[in-house]
Amino acid sequence: MDADLDILLIALYVELEDRIIPAHGTRRRGPGRPPTVTDAELVCLAVAQVLLRYNDEHHWLRAAASRVGHLFPRILRQSEYNERLKNAAPLMEAALRWLAERTPGSAEPLRLMDGTPIGCGQSKTTAQRSNLFGWAGYGYESAHSRYYWGAKLLLITTPDGTVTGFSLANPKLMGEREQTRQTLTSQPTNRPAAGSTVVTDKGLSGQGTEEFFTDLDLQLIRPARRDEKTPRPFPNWLRQRVEAIIWTLKNQLGLEHHNARVPAGLWTRIIQRLLALNAVIWHNWTIGAPTKRSLTAYDH
């Protein structure tokens, strides 16, 4: 197989119809006419939207017929597309985890962990009146020395970029340490296998955090703080790797241009982009592509 968008979408559609949807019991049942666009087609359309860099659903649905109409001749209206996409968020989450488990890189006992802000507004009026109030809050991004209003996305990935764990939190209500604890304990599917090594930044320093990772049978590797006298060897190239993964999500997959106005929409759009990344890496592994995180063959 070649690195081609059509082939990726066909492979993902087959995986959804034959394995993911039956395994998770998300196939539609009950009375009434079946939908003209199936859930598998809907998820593939959502992945194609992200890979082709259409951040706005309105522009995407106008262009979808010419871009992928030869694969999906039935295109939904915008209101129906938005509503069904929100309802399909559990299926997309199941799909991205399914693909992660079947990507060879996830078998490695090494994980990269880092958080990144997801901006949800720029003005004080937005922060006061937005439907995301309570879900989003004010946080500080030390990497760019700036405050933002939004949510904090915590990612756990393999070195090749496959997302194996994630969570979203209000940065004003939950700090990095607390979000990490919640991510690894409240949803076991986010937790790396026992004996794994987790590479993160110095924000997780502290005796309590070290003991928490030890109790989970995980080895924490982080850089030393300035006030620590004991040296801590740290692989800086792995920190650069996770930053490159976040850059891919933000600059190529439009993570910061989600246009979400309600909590369900924000969660859905984040899941949509994580699924697109995992689908590309899974497909690149399948076809033996040299660079597993390369999106070049799929964005046109």
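The values are calculated or read from the model by the stated rules, or taken from the named source; none is laboratory data. None of these values were measured; they are calculated from a predicted model. With ideal geometry, Cβ positions are generated from the backbone for all residues, glycine too; neighbour counts draw on all protein chains shown.
For L277, state whether it is outside any helix (DSSP H, G or I), of a type in the set (A, V, I, L, M, F, W, C) and either farther than 30 Å from K86 by Cβ or at pLDDT 95 or above (or both).
Working: outside any helix (DSSP H, G or I): no; of a type in the set (A, V, I, L, M, F, W, C): yes; either farther than 30 Å from K86 by Cβ or at pLDDT 95 or above (or both): yes.
The answer is no for L277.
Considering every residue within the stretch 229-249, establish whether at least one is more than 21 Å from R111 (Cα to Cα) and either touching a helix residue (DSSP H, G or I) at 6+ places or on another chain (Cβ under 7 Å) or of a type in the set (D, E, K, R) (or both). Write out each step before concluding.
Taking the stretch 229-249 and keeping what is more than 21 Å from R111 (Cα to Cα), we get 229-231.
If we keep only those that are either touching a helix residue (DSSP H, G or I) at 6+ places or on another chain (Cβ under 7 Å) or of a type in the set (D, E, K, R) (or both) as well, we get 229.
Yes, the stretch 229-249 contains at least one residue that is more than 21 Å from R111 (Cα to Cα) and either touching a helix residue (DSSP H, G or I) at 6+ places or on another chain (Cβ under 7 Å) or of a type in the set (D, E, K, R) (or both).
Quick test of your reading of the structure: W237 fulfils all but one of (1) surrounded by 16 or more Cβ atoms within 10 Å (Cβ to Cβ); (2) under 24 Å from the mean Cα position of the chain (by Cα). Name the failing condition by number.
(1)
Are any residues in the stretch 106-118 over 14 Å from L154 (Cα atoms) and among the small types (G, A, S), and if so, which ones?
As a first pass, look at the stretch 106-118 and keep what is over 14 Å from L154 (Cα atoms): 106-110.
Across the stretch 106-118, the qualifying residues are S106, A107.
Run N131 past the list (1) surrounded by fewer than 19 Cβ atoms within 10 Å (Cβ to Cβ); (2) in contact with a Pro (Cβ under 8 Å, 6 or more places away or on another chain); (3) within 17 Å of H257 (Cβ to Cβ) and report the number of the one that doesn't hold.
(3)
If you take the residues of the stretch 139-191 that are part of a strand (DSSP E or B) and among the basic types (K, R), which of them is modelled with the highest pLDDT? Break it down into steps so the answer makes sense when it comes.
Of the stretch 139-191, the ones part of a strand (DSSP E or B) are 139-141, 146-157, 163-169.
Adding the requirement that they be among the basic types (K, R) leaves 146, 152.
Working: R146: 87, K152: 96.
This residue is K152.
Would you tally the residues in the stretch 41-70 being modelled with pLDDT of 95 or more, under 19 Å from the mean Cα position of the chain (by Cα) and in a helix (DSSP H, G or I)?
10
Could you please give the count of residues in the stretch 220-259 that are among the polar types (S, T, N, Q) and free of Cβ contacts under 8 Å to residues at least 24 places away in the same chain?
Within the stretch 220-259, residues that are among the polar types (S, T, N, Q) and free of Cβ contacts under 8 Å to residues at least 24 places away in the same chain number 4.
Enumerate the pairs (first residue in the stretch 159-175 and farther than 21 Å from A264 by Cα; second residue anywhere and aromatic (F, W, Y) and surrounded by 19 or more Cβ atoms within 10 Å (Cβ to Cβ)) with beta-carbon separation below 8 Å, excluding pairs fewer than 6 apart on the same chain, so at least 6 apart or on different chains.
From residues that are farther than 21 Å from A264 by Cα, the pairs are T162/W282.
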